[in-house]
Amino acid sequence: MTGEGLRPAPTGAGLFLVINPHSGQTKRRPDPKPILDSEMPDAVVHVLGKGERISDVMRAAVGSTTPPTILGVYGGDGSVAAAAEVAFETHLPLLVLPGGTLNHFALTVGIPDLATGIAAAQAGTGSAVDLAEIDFGDRGRVLALNTLSVGVYPRFVQFRTRMEPTIGRPLATLAAALRAAFTAAPLDGSLDGQELRVWSMFIGVGRYAPPRGAPLKRQGFDDGVLDVRILRSTARSRGRGFLSLLSSRTRSRTDHGPEPMFHAPRHSLVFTRTAITLRSNTDSAQFYAHDGEVQKAPPFIPGGTRAVTVRVLPAAIEIYRP
């Protein structure tokens, strides 16, 4: 399938590609630059330096006297999400090359390795894919590539990241799950006007499998919906939350799964929407995670809105894929 805005780039002419050498934890991955220089000699390849941001580097390239006609990124989901935001702003197609730890998005769209992505760009094949917009109102907006999570999961990631260098990932996962499950406070607020006390909330861009329980794998990239899964705050859900953090993160190693949600029919809500609005009842800063990266929500402005709207953006960007 050839996307409307895609063209073949057999030598990489017009391509500006950013390599994030800091993505992922796999130390045995070969340096992609020699391969790119050989297969796409006319591409401009920029290796991200210390302190540089992918979005800033790409915007500078687009604003230069010789702007690219194709954007590309080599990195994990966080890197791809940053590049996708620039592609959305500039209406340029995006080449995604997997260079992270799990590479959820690249695997979903059928790009398991460097060679597959390069071949798609050279042939000019691809598709339009959905994104999601996280709209903080007068506090700005962020685009999400795969997932958004609030509640216990962002705290779990923070704890695990701090402990992993000292005790390793398996022990850090267990310790972080324990700490997050038994120290995190529920989030009080409302969802589309309905009062709700939430232990954890997962929002996927597109439908995830299985249809109930832990969302382990994204099913497509152009569904035009958000997959919403909420674990209500109850006495039992705290223990279920601990189990979800362990079971889903362990299985995601093979199933390419995103943030966790334990199967608890009486305590969970599972539905699809094109948009949802969340309203917080607290002035304290909340952390959220999107595409594997933990972020701090913009602070509330006195007199400003306390609502956050998440909406799907159908066919938001075009990407190269087989």
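The values are calculated or read from the model by the stated rules, or taken from the named source; none is laboratory data. Predicted model, so just to flag it, every value in this text is computed and none were measured. Don't worry about glycine lacking a Cβ; one is built from the backbone with ideal geometry, like all the others, and counts go over all protein chains shown. These accessible areas exclude ligands, DNA and RNA; they are computed on the full protein's heavy atoms, side chains included. Shrake-Rupley method; radii C 1.70, N 1.55, O 1.52, S 1.80 Å.
Take Gly213 and tell me if it is in a loop (DSSP other than H, G, I, E, B), under 24 Å from Ala81 (Cβ atoms) and either modelled with pLDDT of 55 or more or more than 20 Å from the chain's Cα centre (by Cα) (or both).
no
So Met40 fits all but one of (1) touching a Ser or Thr at 6+ places or on another chain (Cβ under 8 Å); (2) modelled with pLDDT under 90; what number is the exception?
Single failed check for Met40: (2).
Test each condition in (1) closer than 24 Å to Thr272 by Cβ; (2) out of contact with any helix residue (DSSP H, G or I) (no Cβ under 8 Å at 6 or more places or on another chain); (3) crowded, with 16+ Cβ neighbours inside 10 Å for Arg141 and report the one that comes out false.
(3)
Quick one: count up the residues across the range 70-91 that are open to solvent by 20 Å² or more (accessible area, probe 1.4 Å) and free of Cβ contacts under 8 Å to residues at least 60 places away in the same chain.
So the answer is 4.
Take Ile118 and tell me if it is more than 17 Å from Val310 (Cα to Cα), touching a residue at least 60 places away in the same chain (Cβ under 8 Å) and aliphatic (A, V, I, L, M).
Numbers: more than 17 Å from Val310 (Cα to Cα): yes; touching a residue at least 60 places away in the same chain (Cβ under 8 Å): yes; aliphatic (A, V, I, L, M): yes.
Spelling it out, Ile118 is indeed more than 17 Å from Val310 (Cα to Cα), touching a residue at least 60 places away in the same chain (Cβ under 8 Å) and aliphatic (A, V, I, L, M).
How many residues does the range 37-66 hold that are farther than 26 Å from Asn146 by Cα and in contact (Cβ under 8 Å) with a residue 40 or more places away in the chain?
2
Inside the range 193-205, can you point out the residues that are surrounded by fewer than 23 Cβ atoms within 10 Å (Cβ to Cβ) and either under 30 Å from Val109 (Cβ atoms) or touching a Pro at 6+ places or on another chain (Cβ under 9 Å) (or both)?
Arg197, Val198
Rundown of residues vs (1) out of contact with any Phe, Trp or Tyr (no Cβ under 7 Å at 6 or more places or on another chain); (2) closer than 19 Å to Pro93 by Cβ; (3) open to solvent by less than 60 Å² (accessible area, probe 1.4 Å); (4) modelled with pLDDT of 95 or more, yes/no style:
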| residue | (1), (2), (3), (4) |
| --- | --- |
| Thr11 | yes, yes, yes, yes |
| Leu15 | yes, yes, yes, yes |
| Ile19 | no, yes, yes, yes |
| Gln25 | yes, no, no, no |
| Val45 | yes, yes, yes, yes |
| Val57 | yes, yes, yes, yes |
